[in-house]
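**Student:** Sharing a structure below in structure tokens format, with a few things to ask.
The values are calculated or read from the model by the stated rules, or taken from the named source; none is laboratory data. Not measured: the values here are computed from a predicted model. We place every Cβ from the backbone using ideal geometry, glycine too, and count neighbours over all the protein chains shown.
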Amino acid sequence: MSPSISPAQPAPGSSLTAARRLRELTDTVGGPPVDVLVVGLGATGAGAALDAAARGLTVVAIDAQDLAFGTSRWSSKLIHGGLRYLASAQLDVAHESARERGILMERTAPHLVHAQPFVLPLTPLVSRGQAALAWAGFRAGDTLRLAARTARATLPAPRRLSAAETRHLAPALRSAGLRGGLLSWDGRATDDARLVTAIARTAAAHGARILTRVRALELGRSGARIRDELTGEEGEIRARVVINASGVWAGSLVDGVRIRPSRGTHLVLRAAHLGSLPAGLHIPIPGETNRFVLVLPQGDGRVYVGLTDEPVDGDIPDVPEVPETDIGFLLDVLGSALDAPVHRRNVVGAFAGLRPLLDTTPVAGSGAATSTADISRKHAVLTSADGVITVVGGKLTTYRRMAEDAVDTAVATHHLPAKPSPTATLPLVGAAPPHVLTTLRAPRRLISRYGTEAPAVHALSAHDPGLAEPVLEGHPVTRAELLWAVRHEGALDTADLLDRRTRIGLIPDDRATALNTARHMLDEN
């Protein structure tokens with residue numbers, strides 16, 4: 001793979017702006033039919049828009065809110081290699097996860113997806129039998145890496161650690177009774193919402209119309225009735241095929257699709273509270289053989305701790321609430337391994353995402369799963385009686401394969417003139433091999449978020465030194481990044497800037513401090 005663009009400019013045709021949205025929305029509503037209408041702009045929906053556009057089809061993709069508004073911004077940011085699915089005998093899901101992880105890390109998004117080390121501390125609560133089982137699992141995970149043809153240079157081998165090595169990688173661990181640790185590696189996205197933004201912009205560069213704040217009111221064989229959420233005006237978008245990729249909301253748009261959401265909660269801590277963390281942590285959940293709480297250092301002065309797997313009943317909220325029971329559970333597990341306790345007052349933020357799991361159990365009867373942890377993470381592509389295609393299930397790691405399968409179904413069932421999917425080798429905006437990324441003249445942190453566009457983001461500060469200033473003290477995001485988000489990443493309001501293009505808003509106090517700066521950037525542009 002070689003970079004296809006100059007590092008000084010955004011990819012041609014990839015910039016998303018308020019003006020472009022208005023122009024393309026005007027051209028689309030009431031206009032001639034497009035080949036594919038995608039509903040939902042999370043990872044899978046944006047991926048479907050890219051897949052279809054890259055095959056030469058005409059594409060419109062809409063979302064009632066923003067890019068990555070739903071589940072796609074609430075993940076652990078991990079690009080899993082499928083180890084968990086081996087343990088539950090989901091061999092096909094495990095291999096697919098490992099393959100898609102390798103594609104992201106080595107071909108399509110090496111600027112956004114990197115290797116993440118994890119330490120599993122062998123505390124007195126981890127029996128020798130559990131340690132042996134975990135070690136066997138890590139070795140099996142490395143076999144998955146080999147089967148997926150991911151290079152050893154990309155993902156190092158697991159190894160055993162002495163107690164001293166374990167404490168060096170995780171100084172916050174309690175030393176009493178620590179026998180050592182197990183070191184493993186997995187993929188991790190710099191930011192899941194940034195990954196979605198890159199997918200959507202790459203789709204735009206291939207001609208897809210990416211329209212946020214456009215709500216689908218009704219889906220049918222020939223398109224959708226929609227409403228512009230900024231003006232309240234309603235209209236129709238005509239399409240030869242509709243792909244419903246709206247995640248946990250999929251069942252509200254298409255009859256017969258039953259979703260059983262699972263809530264995954266994360267806590268947000270200040271990194272200073274836990275001290276240096278060169279690696280993440282796998283902390284075994286007492287009484288469970290194959291479940292862990294993850295401690296995930298973010299590199300921006302924050303640490304995430306997660307996650308839960310709890311069924312959710314009732315209406316689906318736009319932004320899930322975090323119950324105190326989840327917070328207490330995560331703090332209890334965290335306290336089982338750390339030297340210094342983490343109290344409720346140390347939790348400066350929290351977030352929860354709803355996994356869109358397909359419920360395949362009978363509507364009535366005794367065969368329903370008792371836990372969402374028991375539901376397969378395999379995705380499904382369903383076609384309704386009126387021809388609407390719905391893609392559900394899966395996870396962030398396998399978004400590309402889910403999108404490809406959905407578009408394959410659309411092409412086959414509606415006889416669309418399209419070539420095979422090229423997305424397994426199609427670099428996303430900003431992508432380049434690691435040896436190219438290291439030569440770019442920009443701060444390393446910007447390169448890990450913008451790839452080959454990092455010098456262009458950095459150059460904004462050369463024209464206006466004030467843009468080099470951080471948005472708030474103690475956080476690395478600069479004003480130049482907010483400006484870039486408005487000019488090139490489709491940010492339309494302060495929530496887009498603070499909650500998705502950056503993650504400042506995960507801590508409410510930080511969000512309040514940064515709000516005026518975000519408003520200023522929008523007003524000036």
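**Student:** Might you let me know whether segment 412-422 holds any residue that is among the hydroxyl-bearing types (Ser, Thr, Tyr), surrounded by fewer than 20 Cβ atoms within 10 Å (Cβ to Cβ), free of Cβ contacts under 8 Å to residues at least 24 places away in the same chain and touching a strand residue (DSSP E or B) at 6+ places or on another chain (Cβ under 9 Å)?
**Tutor:** no
**Student:** Taking the residues in segment 452-463 that are within 25 Å of the chain's Cα centre (by Cα) and of a type outside the set (S, T, N, Q) as candidates, determine which candidate is surrounded by the fewest Cβ atoms within 10 Å (Cβ to Cβ).
**Tutor:** Out of the qualifying residues, it is Pro455.
**Student:** Hey, among the residues in segment 215-258 that are crowded, with 23+ Cβ neighbours inside 10 Å and of a type in the set (Val, Ile, Thr), which one's nearest to the chain's Cα centre (by Cα)?
**Tutor:** Of everything passing the filter in segment 215-258, Val248 is nearest to the chain's Cα centre (by Cα).
**Student:** While we're here: Tell me, please, whether a residue that is crowded, with 19+ Cβ neighbours inside 10 Å, at negative phi, outside any helix (DSSP H, G or I) and not assigned by TED's automatic domain parsing to the domain that holds Glu236 can be found in segment 56-67.
**Tutor:** no
**Student:** Could you go through segment 79-93 and let me know if any residue there is touching a helix residue (DSSP H, G or I) at 6+ places or on another chain (Cβ under 8 Å), assigned to a loop (DSSP other than H, G, I, E, B) and within 23 Å of Gly490 (Cβ to Cβ).
**Tutor:** Within segment 79-93, not a single residue is touching a helix residue (DSSP H, G or I) at 6+ places or on another chain (Cβ under 8 Å), assigned to a loop (DSSP other than H, G, I, E, B) and within 23 Å of Gly490 (Cβ to Cβ).
**Student:** Among Pro317, Pro323, Pro311, which is the only one that is more than 22 Å from Ala131 (Cβ to Cβ) and surrounded by fewer than 13 Cβ atoms within 10 Å (Cβ to Cβ)?
**Tutor:** Pro317
**Student:** Could you identify the single residue in Leu281, Leu277, Leu330 that is in a strand (DSSP E or B), in contact with a strand residue (DSSP E or B) (Cβ under 6 Å, 6 or more places away or on another chain), touching a residue at least 24 places away in the same chain (Cβ under 8 Å) and not β-branched (Val, Ile, Thr)?
**Tutor:** Leu281
**Student:** Restricting segment 91-121 to residues that are surrounded by 24 or more Cβ atoms within 10 Å (Cβ to Cβ) and over 21 Å from the mean Cα position of the chain (by Cα), which is nearest to Val429 (Cα to Cα)?
**Tutor:** Within segment 91-121, the match that is nearest to Val429 (Cα to Cα) is Val119.
**Student:** If you check Arg101, Arg159, Arg84, Arg152, which single one turns out to be out of contact with any Gly (no Cβ under 6 Å at 6 or more places or on another chain), farther than 21 Å from Val293 by Cβ and either touching a residue at least 12 places away in the same chain (Cβ under 8 Å) or not assigned by TED's automatic domain parsing to the domain that holds Arg291 (or both)? Explain how you work it out, then say what you get.
**Tutor:** Numbers: Arg101 fails: out of contact with any Gly (no Cβ under 6 Å at 6 or more places or on another chain); Arg84 fails: farther than 21 Å from Val293 by Cβ; Arg152 fails: either touching a residue at least 12 places away in the same chain (Cβ under 8 Å) or not assigned by TED's automatic domain parsing to the domain that holds Arg291 (or both).
Unique residue meeting the criteria: Arg159.
**Student:** Can you confirm whether segment 352-370 contains a residue that is buried (at least 20 other Cβ atoms within 10 Å of the Cβ), modelled with pLDDT of 95 or more and among the basic types (Lys, Arg)?
**Tutor:** Within segment 352-370 (the criterion being buried (at least 20 other Cβ atoms within 10 Å of the Cβ), modelled with pLDDT of 95 or more and among the basic types (Lys, Arg)), the answer is no, since none of the residues qualifies.
**Student:** While we're here: Please specify each residue of segment 452-477 satisfying the condition of being farther than 25 Å from Pro508 by Cβ and touching a Pro at 6+ places or on another chain (Cβ under 8 Å).
**Tutor:** Within segment 452-477, Thr452, Glu453, Ala454, Pro455, Ala456, His458 meet the criteria.
**Student:** Sort through Arg444, Arg449, Arg519 and tell me the only one that's surrounded by fewer than 19 Cβ atoms within 10 Å (Cβ to Cβ) and either under 20 Å from Pro110 (Cβ atoms) or touching a Lys or Arg at 6+ places or on another chain (Cβ under 6 Å) (or both).
**Tutor:** Of the residues listed, the single one that is surrounded by fewer than 19 Cβ atoms within 10 Å (Cβ to Cβ) and either under 20 Å from Pro110 (Cβ atoms) or touching a Lys or Arg at 6+ places or on another chain (Cβ under 6 Å) (or both) is Arg444.
**Student:** Can you tell me which residue is surrounded by the most Cβ atoms within 10 Å (Cβ to Cβ) among those in segment 166-200 that are aliphatic (A, V, I, L, M) and part of a strand (DSSP E or B)?
**Tutor:** So the residue we want is Ala189.
**Student:** As an exercise: evaluate Ala424 against (1) more than 26 Å from the chain's Cα centre (by Cα); (2) farther than 23 Å from Gln298 by Cβ and give the number of the one condition it does not meet.
**Tutor:** Evaluating Ala424 over (1) more than 26 Å from the chain's Cα centre (by Cα); (2) farther than 23 Å from Gln298 by Cβ leaves (1) as the failure.
**Student:** Looking at this structure, is Arg441 at pLDDT below 95, touching a helix residue (DSSP H, G or I) at 6+ places or on another chain (Cβ under 8 Å) and within 24 Å of Gly299 (Cα to Cα)?
**Tutor:** Yes: the conditions hold for Arg441.
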